[in-house]
Amino acid sequence: MMLRLRRFNHLLLIFLAVDQARTGISRADFQTNAILATNALMKWYNHDNGLWNTTGWWNSANCVTTLADLTLANPQIDVVTREVWRNTYEKAQNHKLQQTRISTYDFESREPSARMARRRTQSETVTEPKDFLNGFYDDEGWWALAWIKVYDVTKMDDMLRVATIVFDDIVETGSNATCGGIWWDRDQTYEAAIANELYFSVAAHLANRMPNRQYYLDSAKDQWDWLQRSGMINEDGNVNDGLNRDCENNNGIVWSYNQGVILGALVELYKAEPKNEYIRKARRIADAAISKLSDDEGILHDRREPNLGNDGDQFKGIFMRNLRVLYNVTKDQRYRRFIENNADAVWNRARDVKSDLIGPVWSGPFIRASAATQSSGLDVLVAAAFIQE
Ligand SMILES: *[C@@H]1O[C@H](CO)[C@@H](O)[C@H](O)[C@H]1NC(C)=O
Ligand SMILES: *[C@@H]1O[C@H](CO)[C@@H](O)[C@H](O)[C@H]1NC(C)=O
Ligand SMILES: *[C@@H]1O[C@H](CO)[C@@H](O)[C@H](O)[C@H]1NC(C)=O
């Protein structure tokens, strides 16, 4: 297995060569670009712990998710990606998790620094995150979604099982937060939009995959009802970072990923219960995000670029991955153009041409890269490749 993993790049290039010979696609093709960007991402893959060097615990879950999307678009690379998932599934949950996650979350709360300090302290105490549980419900949610997507590709039951364990952990230890919804963390310090959206998305995904679908469907619907009442979605249709202690919208930064996860959740809920209202609400959030977060050339940005920290470096790809899912049900050509335009920018403006590394600012120029900026850029290339089919 190690041998095969080490040869990952090589194998992908062979697939690429075969593909090119068969279809005659050019290097400009999004599919090709996605594979080249994956080769660059895999140079950071650490076989010993199943995680990607240069980035954090939750980011690696997003790398897994992106690889699964890439595999759905290119089923022939499954023989390679499957080994990566097997390795990560086994090693990562036995890994001594000593991350010091410096949060880039920003909200006008009274004690943001206290919250950050707390996060760091608690992260350090989590060793061996068995079943991908570490007491932060956003991190747990990312891993659940990653393994659900891997399940969609591989049909390996363990992957779905671990997602249900995460779901149970959130329900049993994180629910009934003061303002309703779920807590961000086991220490109950904050009610973040991201953890609540991820919980909604995991519930909706499980409803479409588990035998006891009604239980998950009810959870997803309750959570969606709550999200709408919570005040986290502002008048413009943007999702802010979370709630303050008085259970009001905290006016935190409108991060792109908070506008994305909810789209994927609503589409999944729509699949379980086809009510047009779900898609209508998703479109409103997507439109509001595109309007708020893109520049004059239609390129997506997060506030504070390029100083996004390791968390923020991941965000934009998450929005694009989920917008693609919404595009698939709406076929709204504006979404298609937005995705393709950003995929172009990632490749032609944000990339270092020698290494195929992708930077954190999609309008360019390339400044630096990590597995977070790389997998984030990869997300939009994969989204564009899906649409191209
Ligand atoms: C990842 O980091 C570890 C620890 O610094 C190092 O030993 C290993 O060679 C690195 N692996 C890759 C693929 O970068
Ligand atoms: C949340 O409240 C419900 C209903 O009162 C209760 O059954 C459940 O045990 C509570 N869960 C937690 C984690 O407090
Ligand atoms: C797009 O939607 C169709 C119809 O619902 C579904 O069969 C297909 O799997 C979806 N494709 C992707 C790439 O999500």
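Points worth noting:
- The listed residue being assigned to a helix (DSSP H, G or I), away from ligand 1 (no atom under 16 Å from the Cβ), open to solvent by 10 Å² or more (accessible area, probe 1.4 Å) and within 27 Å of Lys292 (Cα to Cα), out of Asp225, Asp169: Asp225
- Subset of the stretch 328-348 (residues that are in a helix (DSSP H, G or I) and either within 26 Å of Trp57 (Cβ to Cβ) or within 14 Å of ligand 3 (Cβ to nearest atom) (or both)): Asn328, Val329, Thr330, Tyr335, Arg336, Ile339, Val346
- A search for C-beta distances below 6 Å between a residue of the stretch 310-327 that is over 15 Å from Leu381 (Cα atoms) and away from ligand 3 (no atom under 11 Å from the Cβ) and any residue that is open to solvent by 10 Å² or more (accessible area, probe 1.4 Å) and part of a helix (DSSP H, G or I), counting only pairs 6+ apart in sequence or on different chains, returns nothing.
- Within the stretch 150-163, the set of residues being closer than 15 Å to Phe132 by Cα and open to solvent by 20 Å² or more (accessible area, probe 1.4 Å) comprises Asp158, Arg161.
- Residue within the stretch 296-308 that is part of a helix (DSSP H, G or I) and either touching a Leu at 6+ places or on another chain (Cβ under 6 Å) or open to solvent by 10 Å² or more (accessible area, probe 1.4 Å) (or both) present: no
- Asn212 satisfies every condition listed in (1) of a type in the set (S, T, N, Q); (2) more than 20 Å from the chain's Cα centre (by Cα); (3) open to solvent by less than 70 Å² (accessible area, probe 1.4 Å) except (3).
- Residue that is surrounded by the most Cβ atoms within 10 Å (Cβ to Cβ) [pool: residues in the stretch 251-266 that are farther than 15 Å from Leu227 by Cβ and not aromatic (Phe, Trp, Tyr)]: Ser256
- Enumeration of residues in the stretch 31-56 that are within 12 Å of ligand 1 (Cβ to nearest atom), of a type in the set (S, T, N, Q) and either in contact with a strand residue (DSSP E or B) (Cβ under 9 Å, 6 or more places away or on another chain) or closer than 11 Å to Ala371 by Cα (or both): Asn46, Asn53, Thr54, Thr55
- If you filter the stretch 173-205 down to residues that are within 18 Å of Asp225 (Cβ to Cβ), away from ligand 3 (no atom under 16 Å from the Cβ) and hydroxyl-bearing (Ser, Thr, Tyr), you find that the one that is surrounded by the fewest Cβ atoms within 10 Å (Cβ to Cβ) is Thr178.
- Only one entry of Asp185, Asp218 meets the criterion of being farther than 20 Å from Trp58 by Cα and either among the β-branched types (Val, Ile, Thr) or within 16 Å of ligand 2 (Cβ to nearest atom) (or both), and that entry is Asp218.
The values are calculated or read from the model by the stated rules, or taken from the named source; none is laboratory data. Since we're looking at a predicted model, the values are computed, not measured. Using ideal geometry, Cβ is built from the backbone for each residue, glycine included, and neighbour counts are taken over all protein chains shown. The area values use the complete protein model at the heavy-atom level, side chains included, leaving out ligands, DNA and RNA. Shrake-Rupley method; radii C 1.70, N 1.55, O 1.52, S 1.80 Å.
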